[in-house]
Amino acid sequence: MENFNFGVGVNVLFGKDQVENLPSLLAPYGKKVLFCYGGGSVKKMGLYDKVKGLLSDYEVYELSGIAPNPKIDSVREGVRLCREHGIESILPVGGGSVIDCAKAIAAAVYYDGDPWEMISLQKPIEKALPIVTILTLAATGSEADNGAVISNPETNEKLGLGALVLMPKASIMDPTYTFTVPAQQTAAGCADIMSHLMEQYFVPSSSYMGDLLVEAVMKTIIKYAPVAVKEPDNYEARAQIMWGSSIGDNATLCNGNMLAVFGVHGMEHELSAYYDLTHGVGLAILTSAWMKYVLQKAPQTVVPRFAHFAKAVWGLEGERDLVLAKKAIEETESFFKGLNIPMTLTEVGIDDSKFTEMAEHAGRTGMLEYAWIPLNAEDIVSIFKLCI
Ligand code: NZQ
Ligand code: ZN
C-alpha cells in the first residue's frame, strides 16, 4: 500500500427530508447566501420553493441558468454578485455543473484578477467561501470532493481546479431529488461513476482492499443503473447510485493505490470542450475504444488486469487471460449500450475534423503521458478514430 493523507471533511446528510437541516447547516457562515442552480429542474421538482421557504431568515441572492459543462461567464457573474453583496456562503442546488460552478466562484472571489486566469494558470487556491450543496443528480461526486471543471467556449478549453478549501462543508443527498432525472441523464451519470471507478482501478499499482472496494461499487452501479433508468422513482436504486457516486471519486475507495492521470477523462474533456457533449456520454463512447486500444498497445500490462476485472466484476471465468480481457471489454460496452447511451461519436454528431487538435490539447492539458498506459497525440487520435 502506498502512503496517503486522507481528510474528507464534508458533512454528509443522506436520505429523505434531510433538507430540513439546511438552515442549521448554513448558520455558522452568516446570513448572506448565494443560491446557485441550473436551467429550471429545481423549480419543476419543487425544490426551489422548498429552499426559499427554509431560508426565509436568510438574505438569499440567486445565480440561475448555470449550464451543463459550466461556463466561465457564470463564474464571473457569481463572483460579481458575491462581491457586490458581501455574500458569506454558497449554496449550489443541482448536479455537478452547478456545484463545480459554485466551487470556482468560491475561490475566485478571493482572486485578484479574472477567474479564467486563476483557472488556466492554475493559481494556488488557499481561501474560498464556504459551500453547502444539495445534490440533484448522481454522477460526478463533486458534492464530496474538492475539484471542479469549468469550460471556456471562447478558447475551447475545459479545465480543472482543485484545492482542499473547495471541499463542501456539508452536502445534502436525498435520493428522491434524483427521481426526476431523465433516463438519458441517469445513464450518463452512471457511465461517469463507472469511469471514475475504472480510472482508479486501472492504475500502476493497487491494494487488495482498494480493489475489493472499487469492485463493490462497480457491481453496485452495474446492478442498479438499469433499474434507475427503467424505474426513475425506485428509491433503493437511486440511493445506491447516489452514495456510490459520492464515495466513488474522492479517494475513499482507492487510498493506498498508486494512481495515474485519469486518461479517459482527459480525452473526454476535449469532446465536451469542443462540442459541449454530455460528460458521461463522452466517457461511455471512449471507454471501450480506449480498452481496445490499450489492450493492443500494452498487452503485458493490460491483459492480466482486464482479466482480473473480468473475473471480479463481470463474474467471468474458465478462459485464458486474453479471452477474458476481450470479454471484459464486450461486457463493459454492452453495459453502456444496455443503458441506451449512444456508443459512437457519429451518433452524437462529432466527425474527425478536430481529432488532431483535440488530441494535442488532451495530451497537454490532460497530461496523458502520465496515464496508466501513457498516450501520445497519435494514440489519442487513434482512439478517437475507433469511436467513429
Ligand atoms: O440545469 P438543470 O435544469 O438543473 O438540468 C440539469 C442538466 O440539464 C439536469 N438535472 C440535474 N438534476 C436534475 C436534472 N433534471 C431533472 N431532475 C433533476 N433532479 O441534468 C442536466 C445535467 O446536469 P449536470 O450538472 O451538467 O450533470 P453532471 O452532474 O453530470 O455534471 C457534469 C459536469 O461535472 C463535471 C463534468 O465534466 C461536467 O462539466 N465533472 C466534475 C467532477 C468533479 N467536480 O469532481 C468530476 C467529473 O469527472 C466531471 O468532470
Ligand atoms: Zn467524470
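What follows draws every value from the coordinates through simple rules; no lab data is involved. Since we're looking at a predicted model, the values are computed, not measured. Positions of Cβ are generated from backbone atoms using ideal geometry, with glycine treated the same way; all protein chains shown enter the neighbour counts.
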| task | In vacuum, with every alpha carbon of the range 262-316 counted as one equal point scatterer, what does the Debye formula give for log10 I(q)/I(0) at q = 0.12, 0.27, 0.31 Å⁻¹? Two decimals, please. | result | -0.35, -1.00, -1.11
| said: On the Cα set of the range 175-231, report Rg and Dmax in Å, please. | reply: 13.1, 39
| request: May I ask for the angle, rounded to the nearest 10°, between helix 279-297 and the longest principal axis of the chain, with both axes built from Cα atoms and the value confined to 0 to 90°? | output: 30
| Normalised contact order of the chain, rounded percent, pairs of Cα under 8 Å and 6 or more residues apart | 16
| task | Evaluate the distance, in nm, between pseudo-label points positioned 7 Å from the Cα of residue 334 and of residue 184 along their respective Cα→Cβ axes. | result | 2.6
| How long are the semi-axes of the ellipsoid equivalent to the range 111-247, from square roots of 5 times the Cα gyration tensor eigenvalues, in whole Å, largest first? | 29, 19, 15
| query | Which percentage, to the nearest 5, of the DSSP beta bridges contained in the chain is antiparallel? | reply | 25
| query | Taking 0.36 nm per intervening residue step and subtracting the Cα-Cα distance, what contour gain separates residue 344 from residue 31 on full extension? | reply | 107.9 nm
| task | Please work out the FRET efficiency for the pair residue 76 and residue 2, using the Cβ-Cβ distance as r and a Förster radius of 35 Å; give the result to the nearest 0.05. | result | 0.35
| task | Report, to the nearest 10°, how far helix 96-108 tilts away from the longest principal axis of the Cα atoms in the chain, using its own Cα long axis and a range of 0 to 90°. | result | 60
| Once all Cα-Cα distances of the range 1-137 are split into 5 Å bins that start at 0, what whole-number percent is in each one? | 2, 10, 20, 22, 20, 13, 7, 4, 1, 0
| query | According to a simple spin-label model (label point 7 Å from Cα along Cα-to-Cβ), what is the distance in nm between residue 205 and residue 44? | reply | 4.9
| field | Which listed pairs, of 31/127; 123/158; 219/327; 50/169; 71/103; 16/337, have C-alpha distances above 23 Å, in listed order | value | 16/337
| query | Efficiency by 1/(1 + (r/R0)^6): what FRET value for residue 322 and residue 127, r their Cβ-Cβ distance, R0 = 45 Å, to the nearest 0.05? | reply | 0.30
| query | Residues in the range 68-98 near a label at residue 52, defined as backbone nitrogen under 19 Å from the 7 Å Cα→Cβ point? | reply | 91-94
| query | How big, on average over all directions, is the shadow cast by the Cα convex hull of the chain, in nm²? | reply | 17.6
| task | Using only Cα atoms, tell me the angle between helix 235-247 and the longest principal axis of the chain; keep it within 0 to 90° and round to the nearest 10. | result | 90
| At q = 0.14, 0.20, 0.23, 0.26 Å⁻¹, base-10 log of I(q)/I(0) for the range 348-388 (Debye sum, equal scatterers on each alpha carbon) | -0.28, -0.55, -0.70, -0.84
| remark: Quick calc, residue 67 & residue 376: beta-carbon distance into FRET formula, R0 51 Å, rounding 0.05, result 0.95
| said: Based on DSSP loop calls and a cut-off of at most 12 other Cβ atoms within 10 Å, the longest stretch of the chain free of exposed chymotrypsin sites (Phe, Trp or Tyr not before Pro) is what? | reply: 7-388
